[in-house]
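K.L.:
Here you go, one structure.
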Amino acid sequence: MSDASDRLTRALSLLDRLELGAPERVQRNLDAFHPDTAKLVLGYAFADVVGRDGIDLKTREMMTVAMLAAMGTAQGQLEFHMRAAMNTGVSREDLVEIVLQVSVYAGVPACMNAITAAKKAFQAAEKG
C-alpha cells in the first residue's frame with residue numbers, strides 16, 4: 001500500500017470514529033471535485049494532524065468546535081464537528097459553554113451562528 005493510500009485509510013478510519021457514515025459521504029463529495037482531493041485533504045487533516053498522539057480526540061474536537069465557531073464562516077463543518085464532538089463524549093453542556101466563550105472572544109455574530117449549528121447537532125443527536 002502506498003503512503004498516500006495508507007494516509008487516506010487512516011483518515012477515513014478516524015472520520016468513521018467521529019461519525020458513522022461520514023467517510024463515504026465525505027470521500028464521495030471530495031472525489032466529485034477531483035480524484036486526488038480526498039488523499040490530499042483528508043490525509044493531511046485527519047491522518048497527519050487530527051490523528052496525532054498528544055491530545056485525545058475528545059479534546060481535539062472541543063478545540064475544533066471552538067475554532068470553527070470563532071471563524072463564523074464554516075457552518076457545515078461546524079455542525080459536523082459538533083456532532084463528532086458529542087460522538088467522542090463531549091456533553092451538550094460543554095458545547096453550550098464553548099459557544100458562550102465564543103461570544104466573548106469572536107463576537108456575538110459568531111456565537112449566534114454557533115448556536116444555530118449546536119441546535120442542529122442537538123436535534124441530530126436526538127434522532128440518532
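The values are calculated or read from the model by the stated rules, or taken from the named source; none is laboratory data. Quick caveat, the model's predicted, so the values are computed rather than measured. Neighbour counts are summed over all protein chains in view; Cβ atoms, including those assigned to glycine, are modelled from backbone coordinates with ideal geometry.
K.L.:
On the given criteria, is Ala85 surrounded by 21 or more Cβ atoms within 10 Å (Cβ to Cβ), hydrophobic (A, V, I, L, M, F, W, C), touching a residue at least 12 places away in the same chain (Cβ under 8 Å) and touching a Lys or Arg at 6+ places or on another chain (Cβ under 8 Å)? Steps first, please.
P.N.:
Numbers: surrounded by 21 or more Cβ atoms within 10 Å (Cβ to Cβ): yes; hydrophobic (A, V, I, L, M, F, W, C): yes; touching a residue at least 12 places away in the same chain (Cβ under 8 Å): yes; touching a Lys or Arg at 6+ places or on another chain (Cβ under 8 Å): yes.
So Ala85 fits the description; yes.
K.L.:
A further question on this structure: Among the listed residues Leu57, Leu42, Leu78, identify the single one that is in contact (Cβ under 8 Å) with a residue 40 or more places away in the chain, under 27 Å from Ala4 (Cα atoms) and of a type in the set (A, V, I, L, M). Before you say what the answer is, go through the steps one by one.
P.N.:
Numbers: Leu42 fails: in contact (Cβ under 8 Å) with a residue 40 or more places away in the chain; Leu78 fails: in contact (Cβ under 8 Å) with a residue 40 or more places away in the chain.
Among Leu57, Leu42, Leu78, only Leu57 is in contact (Cβ under 8 Å) with a residue 40 or more places away in the chain, under 27 Å from Ala4 (Cα atoms) and of a type in the set (A, V, I, L, M).
K.L.:
Can you find a residue in region 101-110 that is surrounded by 15 or more Cβ atoms within 10 Å (Cβ to Cβ), of a type in the set (Ser, Thr, Tyr), more than 30 Å from Leu8 (Cβ to Cβ) and free of Cβ contacts under 8 Å to residues at least 24 places away in the same chain?
P.N.:
First, the residues of region 101-110 that are surrounded by 15 or more Cβ atoms within 10 Å (Cβ to Cβ): 101-103, 106, 110.
If we keep only those that are of a type in the set (Ser, Thr, Tyr) as well, we get 103.
Remaining after also requiring more than 30 Å from Leu8 (Cβ to Cβ): 103.
Among the residues that remain, those that are also free of Cβ contacts under 8 Å to residues at least 24 places away in the same chain are: 103.
The answer is yes; a qualifying residue exists.
K.L.:
Turning to a different aspect of this structure: Looking at (1) modelled with pLDDT under 95; (2) assigned to a helix (DSSP H, G or I), can you tell me which one Leu12 breaks?
P.N.:
(1)
K.L.:
Determine, yes or no, whether Gln77 is at pLDDT 95 or above and either within 18 Å of Asp16 (Cβ to Cβ) or of a type in the set (Phe, Trp, Tyr) (or both).
P.N.:
Values: at pLDDT 95 or above: yes; either within 18 Å of Asp16 (Cβ to Cβ) or of a type in the set (Phe, Trp, Tyr) (or both): yes.
Judged against the criteria, Gln77 is a match.
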